[in-house]
Structure formats: structure tokens, C-alpha cells
Amino acid sequence: MRRLATPLLALGALLLTALPAHAADDPAHRQSYGTKAPYAPQQSPRGYQEAPAGFVPVFTENVSRHGSRAATDSEDVDLVLALWDKAQADGELTRRGEGFGPAVRALQAAMEKVGYGNLSARGRQELRDTAVRMERRLPSLFGRIAANGEKIDVVSSGQGRAVDSGDVFAGALADADPELKPLIGPTRTDKDLLYFHKAAGGAAYRDYLANDQRLRDTLKAVTDQPRTERAARSVLHRIFQDGFVDRIPDQVGAARAVYDLYAIAPAMGEESPGGRGWGMERFVSRSDAAWFGYLSDAEDFYEKGPGFADSDITYKMAGVLLDDFFERAEAERAGSSDLGAELRFTHAEEIIPLAALMGLPGSTEPATPGEPYSWADNPWRGASVSPLGANIQWDVFRKGDRYLVRMLYNEKETAFRTGCHPVAKHSVFYDLDELERCFGRR
């Protein structure tokens, strides 16, 4: 890992060397949304490698984060509207700020109609599209499943948006190939597998979040930089006049609430008037969005991701999910499974640690204690590691008694971690025996 060569207080200057363009779905600008970034597949369907000669797909399995959603609660809306109403009554709004309250109230109404925390129209479409692309990538597999009457198992965390994600995904598969419909089981719940951060296996992790002093000190050091205060005042000055901003007791908290609404707005884009968007970018500049996106990423990095180099507390618990991937593939090899597909639906709290445990791209570098995570120093980005709708997929191929596995990460062919050897140089196919060796299962 390359060492951070600049003092912590200079991180803001480093961030500003490569600011994202200002468009909601622009690949660079997506980083400012953190894990609220809407989903986009990362590879063209025309670019996938052919399986080695003679190998045919016999099983597929995935884990997916729920799709784009409304904010989980009304806390940010309530905070900013209370400020806006007060400023309006006192005549202390800027000209730009006069449009802020109506925009937030319209977004609020849309989120209340969808239901806080529930899938938005965009989220449902993301899942439908992902399911259809899966079926089109593996037409012979799904034809085999239909012909042989193999089952498709759908399992979720049990949380509403994950249950709905499983239902929408399965429904799209059935629409793509009606012969699959009777083979798809109802979405079942497995909290230990897909909500492990809140299950028995996450007890030590929850203690880390609640009580680890190093975690608290590090996040405080990341946030308590002069750049944060400047960014907060910059955001608020777009909406409120100077004197009003000076009287806000917690300027950073208020600005982060504005940023949070800015970040969730693209996920609610289909609910906006005419589907044209909410215009929240009027109230958060490019540089301020980048800074608050970085702060959001830092929190997720230390609380869910690679974290500190001398600890695996944030991702060790994801072993239960990685084990399930292996066990399903091994059951297919052993001939003991009646499944053609295993489809799992969960949350960022599961996808992010699984990515770190597996060493997926962007999740390979923890932070050295005393050298805090920064965008300038570490490739981890929430928008890439776990956007809304993020997914990891293993496809199993067979030839005789030999089984190969291909991994897709957000639908991009992805190498397994360093130390795992593909069947040929530059191939994305790995012998299942080799993966068992590489991951220490033998």
C-alpha cells in the first residue's frame, strides 16, 4: 500500500485535483454519491469471454444489493425544511435558496408516496434489467433449468426492500422465460446469511461500531478538517444569507443533510416531475459534493470495508456468505443439488464486507493506523464497491467431471483475488478445485 505522503489537513487540496463532472450518471461524478449511486452495469454484453471449448453452464448464483430506493427516514428532510421555513419567515433566503424548499417538499412527497426505505421506480427497473441481462448471458443454462425442472431459489435478508428486490428480479426472469415461472420459489428469509451484521455472527462487529475508540478518533480526525467547515458554509450560503448561516448551531450537520438529499435524488429520478430530476445539484457545488462524498466513503470504509490494516473485524463475518457461494457450487459438482440458480438479495452492510473478504477490485487496500483513508491514497469508492443494486455473480461451467467458475462483479468479468490462478493467462475462468485451494477450503 502506498503511504500517504501529505498531512491530513492537506487532503482537501488533493481531492480537488480530479473533481467529477456534474451529471448524475457520469462515471466520474458518480463517486460523489457514495453508496447511494444508482446502478449501472460495468461491461458491455458483447465483451464477455467464451467458456473454454466443451464447457457448458450448469449453475449460476449471485448476491445483490437492493435497488435504488427512497431515503430510509425523514430526518434530513425535517432538518433542512425547519431551517428553510425559518429563513423564509425572516427574509433570509438567497435567490437560489428560494427554490430549495419547494424542491425538497416535492422530493419529500415522492419519497412518502414510495415509502421511506422502499424501492423507487428506478430501483425496480434496475433489478428487472439486471435479471434480463442475466438470462440473456446464459440462455442455455436457463433453457436447461426449464427443461429439467430445476429449481430457482430466491432468498433475502427479510428487510422490505431486499424482499421486494428478490420478487422483482424473479418476476423479470419469469417474464423473460415464462417456463421458469413454476420453478421459482417464493422469496424466503435467511437473516444469518444476508443480514449478518445484525445477526448472532455480527456481535463482535456491533461492539466494534459501538465501542472502538480508534474508530471514533479516526472518523473524527477525518471529519474535523478545515475543508469540512468550508464546504459546509459553502453549501449553506447557496441557500441562506450570511447572517442566517452564522446562527446555525451545527453547520456541518445541516450541510450534510442537504448533501444527503442531493445524493439520494438520482435514485428517485423517475418520481420527479416529468422524470427530469430534482435539480438538487443547484444547491451543492462540484467540489462540495466531492468532499461530502469523501466523508461518506471514509465512514463506510472504516465501518464496513477494508478498515484498519491490523484488523478484520469489519469483514470477517462475511465468511458465512462466501461459504454459501462455495457450498452451492460444490453441491452442483457433487450432484447433490436440485438447484439451477441461487439468487440472494441483501444490503450494503453485506456487499461491502464481502468485497473486502474476497479481495475484489477497489477493496484490497486497508488503511495503516495513523494514515487515514483518503481518495488521494486509496482506490476504495462506495459508488464502485456497492452502488445501489450492486451484485456479485458466480457462473459454474461443466465439462465431464471438471467444473469452472467465472465471476462477475457488477456484471463485469472479474479476476479472483491474488494467488488464485485461472485456467489460462488472461482467462476469467477458474477451476473450482483451484478456488478451493486459493481460499483455503482444502
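The values are calculated or read from the model by the stated rules, or taken from the named source; none is laboratory data. A quick note: this is a predicted structure, and the numbers were derived from the prediction, not measured. Note that we place each Cβ from the backbone using ideal geometry, even for glycine, and neighbour counts take in every protein chain shown. Note: accessible area is taken over every heavy atom of the protein model, side chains too, but ligands, DNA and RNA are not part of it. Shrake-Rupley method; radii C 1.70, N 1.55, O 1.52, S 1.80 Å.
The criterion of being among the hydrophobic types (A, V, I, L, M, F, W, C), under 16 Å from GLY34 (Cα atoms) and touching a Phe, Trp or Tyr at 6+ places or on another chain (Cβ under 6 Å) does not hold for ALA356.
Would you check if TRP375 is closer than 27 Å to SER120 by Cα and among the aromatic types (Phe, Trp, Tyr)? Against the criterion (closer than 27 Å to SER120 by Cα and among the aromatic types (Phe, Trp, Tyr)), TRP375 does not qualify.
The single condition among (1) aromatic (Phe, Trp, Tyr); (2) buried (at least 23 other Cβ atoms within 10 Å of the Cβ); (3) part of a strand (DSSP E or B) that TYR373 does not satisfy is (3). Residues of segment 140-172 that are of a type outside the set (D, E, K, R), more than 19 Å from GLY389 (Cα to Cα) and open to solvent by 30 Å² or more (accessible area, probe 1.4 Å): SER140, GLY143, ALA147, ASN148, GLY149.
Taking the conditions exactly as written (surrounded by 14 or more Cβ atoms within 10 Å (Cβ to Cβ), modelled with pLDDT under 95 and within 26 Å of LEU295 (Cβ to Cβ)), does ALA24 satisfy them or not? Considered against the rule, which asks whether it is surrounded by 14 or more Cβ atoms within 10 Å (Cβ to Cβ), modelled with pLDDT under 95 and within 26 Å of LEU295 (Cβ to Cβ), ALA24 comes out as yes. The residues of segment 312-337 that are in contact (Cβ under 8 Å) with a residue 60 or more places away in the chain and not in a helix (DSSP H, G or I), listed by number, are ILE313, THR314, SER337.
Note on segment 394-419: residues that are open to solvent by 10 Å² or more (accessible area, probe 1.4 Å) and either farther than 22 Å from SER44 by Cα or of a type in the set (A, V, I, L, M) (or both) amount to 10.
Can you spot a residue in segment 272-293 that is within 18 Å of the chain's Cα centre (by Cα) and either closer than 30 Å to ASP433 by Cα or not aliphatic (A, V, I, L, M) (or both)? The answer is yes, given that some residue of segment 272-293 is within 18 Å of the chain's Cα centre (by Cα) and either closer than 30 Å to ASP433 by Cα or not aliphatic (A, V, I, L, M) (or both).
Applying the criterion of being closer than 15 Å to SER156 by Cα and assigned to a helix (DSSP H, G or I) to the residues of segment 338-354, the residue that is most open to solvent (accessible area, probe 1.4 Å) is GLU349. Among the residues making up segment 173-218, those that are open to solvent by 20 Å² or more (accessible area, probe 1.4 Å) and part of a loop (DSSP other than H, G, I, E, B) are ASP177, GLY185, PRO186, THR187, ASP190, TYR195, LYS198, ASP212.
Condition check: under 28 Å from ILE239 (Cβ atoms) and either open to solvent by less than 10 Å² (accessible area, probe 1.4 Å) or without any contact (Cβ under 8 Å) to a residue 40 or more places away in the chain (or both). Does ASP90 satisfy that? Criteria not met by ASP90. Considering ALA383, ALA341, the condition of being farther than 23 Å from THR35 by Cβ and among the aliphatic types (A, V, I, L, M) is satisfied by ALA341 alone. Among the conditions (1) open to solvent by 30 Å² or more (accessible area, probe 1.4 Å); (2) over 24 Å from SER32 (Cα atoms); (3) in contact with a helix residue (DSSP H, G or I) (Cβ under 7 Å, 6 or more places away or on another chain); (4) among the charged types (D, E, K, R), ASP324 misses just one, which is (1). For segment 93-129, a residue qualifies if it is open to solvent by 20 Å² or more (accessible area, probe 1.4 Å), under 23 Å from the mean Cα position of the chain (by Cα) and among the small types (Gly, Ala, Ser), and exactly one does: ALA121.
Each row is one residue, and each column tells you yes or no for (1) open to solvent by less than 10 Å² (accessible area, probe 1.4 Å); (2) closer than 28 Å to ASP129 by Cα; (3) assigned to a helix (DSSP H, G or I).
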residue	(1), (2), (3)
ALA356	no, yes, yes
GLY362	no, yes, no
ILE392	yes, yes, no
HIS421	no, no, no
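For first residues located in segment 59-81 and without any contact (Cβ under 8 Å) to a residue 60 or more places away in the chain, partners that are of a type in the set (Ser, Thr, Tyr) and lie 6+ apart or on another chain with Cβ distances below 8 Å form the pairs THR72/TYR116; ASP73/TYR116; SER74/TYR116. Residues considered: TYR430, TYR403, TYR409. Of these, the only one that is among the hydroxyl-bearing types (Ser, Thr, Tyr), within 28 Å of PRO182 (Cβ to Cβ) and in contact with a Leu (Cβ under 9 Å, 6 or more places away or on another chain) is TYR403.
Among the residues of segment 267-299, those identified as over 17 Å from ALA232 (Cβ atoms), open to solvent by less than 10 Å² (accessible area, probe 1.4 Å) and among the hydrophobic types (A, V, I, L, M, F, W, C) are ALA267, MET268. In segment 37-67, the residue that is most open to solvent (accessible area, probe 1.4 Å) out of those that are closer than 29 Å to ASN148 by Cα and out of contact with any strand residue (DSSP E or B) (no Cβ under 9 Å at 6 or more places or on another chain) is ARG46. Taking first residues from segment 147-163 that are of a type in the set (Asp, Glu) and partners that are not in a strand (DSSP E or B), the Cβ contacts under 6 Å between residues at least 6 apart in sequence or on separate chains come to ASP153/GLY185. Reported count of residues in segment 286-311, each being in contact with a strand residue (DSSP E or B) (Cβ under 8 Å, 6 or more places away or on another chain) and part of a helix (DSSP H, G or I), is 2.
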